[in-house]
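Take a look at the structure set out below.
The values are calculated or read from the model by the stated rules, or taken from the named source; none is laboratory data. Please read all numbers here as calculations on a predicted model, not as lab measurements. For neighbour counting, all protein chains shown are included, and Cβ atoms are generated from backbone atoms with ideal geometry for every residue, glycine included.
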Amino acid sequence: LRRREIKAGSQNEKILAWFRQHPGKLYTPFDIIKHCFDGYGYFKAPITSIRRAMTDLTALGYLVKTDEKRPGEYGELNYCWRLA
């Protein structure tokens, strides 16, 4: 059932694939945007969209939001996620 809720080629699918390729590692939304969507020196997706996708994947049980925080692009601390 959960597989049907993630569209092929979607941001959610791309983000989930990244976490699956790097199990056990923690990533902030800014880490994900850098690794998955920043191939040409500029962000191809808004950070709010990445945050929404990670929240959706958490609600579906694919990711876990941890208590660990790391600095982000704007000097604020950002939560880290990991594969469930």
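Quick notes on this structure:
- Filter result (among the polar types (S, T, N, Q), farther than 15 Å from N78 by Cα and surrounded by 14 or more Cβ atoms within 10 Å (Cβ to Cβ)) within the range 12-39: N12
- Filter result (among the acidic types (D, E) and either modelled with pLDDT of 95 or more or surrounded by fewer than 13 Cβ atoms within 10 Å (Cβ to Cβ) (or both)) within the range 44-75: D67, E68
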